[in-house]
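Asker: Structure incoming, see below.
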Amino acid sequence: MTDELERYRTLRDFDASPEPPGQVRAASERPIFVVQQHDASSLHYDVRLEAGGVLLSWAVPKGPSTDPRDKQLAVRTEDHPVDYADFEGTIPEGEYGAGTVLVWDIGPYRNLTTDDDGEERSVREAADHGHIEVWLEGEKLRGGYAFIHARIGGDEDNWLLVKTDDEGADARRNPTSTEPRSVLSERTLEEVAAASDEDDDGQEDGS
Ligand code: MN
């Protein structure tokens, strides 16, 4: 099967990883965004936008900011299945993206991107044009954000994520530091990792 998720599937062994295999969904009337904290070889935040039945994805080393003066490097990664949005758990050592994942923020979003004539441009098309503007309605992140294909250092995958200066902006909040818990399970990264360890022990003891 060849679709937008082929690269996602090729990189993973679903017998070894608890991640969902997933499939391309029908396009949604009410698309979601998700930000997953990922304690991989280096800690980062994966910011994902549902578009065309998959999650367009960027790895943001410093995480999204609520300060419009920050320009956060956002490295485009492979499209993920929409099912990935509520994935929390630990990808085992030796597997692609090994490390613990938690859902740091999730919610609906609206596409604000327009074309040269002021007509709405779909997020997929906007991604191809290298400029996406969205309005996030999460628990931690609210208001406008822009994804800009800036090709930092000449790298095609390098985008910038910038907060728009609006009522959701707050230069002092710094939620990646002050609000570390999962919005789904209220757990910290350490608690998700500990729960995954217990699951593994249970499997070893039980069979
Ligand atoms: Mn990641």
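Every number here is computed from the coordinates shown, using simple stated rules; none is lab data. Model, not experiment: these values are computed from the prediction. Here the Cβ positions follow ideal geometry from the backbone for every residue, glycine too, while neighbour counts run over all protein chains shown.
Asker: Classify region 148-193: rounded, prolate or oblate, from the alpha-carbon gyration tensor (a ≥ b ≥ c, eigenvalue square roots; a/c under 1.5 rounded; otherwise prolate if a/b is larger than b/c)?
Answerer: Here region 148-193 falls in the oblate category.
Asker: Taking R0 as 22 Å, what's the FRET efficiency between Thr178 and Asp128 from their Cβ-Cβ distance, rounded to 0.05?
Answerer: With a Förster radius of 22 Å, E is 0.05.
Asker: Hand me the GluC sites (Glu not before Pro) from region 129-177 located in a DSSP loop with no more than 10 other Cβ atoms within 10 Å, in residue order please.
Answerer: Sites meeting the loop and neighbour criteria: Glu156, Glu167.
Asker: Right, here's the next one. Suppose each label sits 7 Å from its Cα in the direction of the beta carbon; what would the Arg151-Gln23 distance come out to in nanometres?
Answerer: 3.8 nm
Asker: Sticking with this one: Sticking to Cα atoms, compute the Rg of region 91-207 to one decimal and its Dmax as the biggest Cα-Cα distance, whole number, in Å.
Answerer: Radius of gyration, then largest Cα-Cα span, for region 91-207: 18.9, 63 Å.
Asker: Let me ask another. Give the average over all directions of the projected area of the C-alpha convex hull of region 1-51, one decimal, in nm².
Answerer: 4.6 nm²
Asker: Could I ask something else about it? Are there GluC sites (Glu not before Pro) in region 5-59 that DSSP marks as loop and that have at most 12 other Cβ atoms within 10 Å, and which are they?
Answerer: Glu29
Asker: Give the angle, between 0 and 90 degrees and rounded to the nearest 10, that separates the Cα long axis of helix 189-206 from the longest principal axis of the Cα atoms of the chain.
Answerer: It works out to around 30 degrees.
Asker: If every alpha-carbon in region 35-149 counts as one equal scatterer, what log10 I(q)/I(0) does Debye give at q = 0.09, 0.12, 0.24 1/Å?
Answerer: Summing over Cα pairs of region 35-149 leads to -0.24, -0.42, -1.58.
Asker: For region 60-192, what's the relative contact order in percent, using C-alpha pairs closer than 8 Å and at least 6 residues apart?
Answerer: The normalised contact order for region 60-192 reaches 31 percent.
Asker: Once the other residues with Cβ under 12 Å from the Cβ of Arg12 are scored (Lys, Arg +1; Asp, Glu -1), what is the net sum?
Answerer: After counting each charged neighbour, the total is -4.
Asker: Running a GNM on the chain with Cα contacts under 10 Å, which residue among Arg173, Arg121, Arg30 ends up with the highest mean-square fluctuation?
Answerer: Highest fluctuation of the listed residues: Arg30.
Asker: For Ala194 and Thr114, what does the FRET efficiency come to when R0 = 41 Å and r is the distance between their Cβ atoms, rounded to the nearest 0.05?
Answerer: The formula returns an efficiency of 0.35 here.
Asker: On average, how much area does the Cα convex hull of the chain cover when viewed from any direction, in nm²?
Answerer: 12.8 nm²
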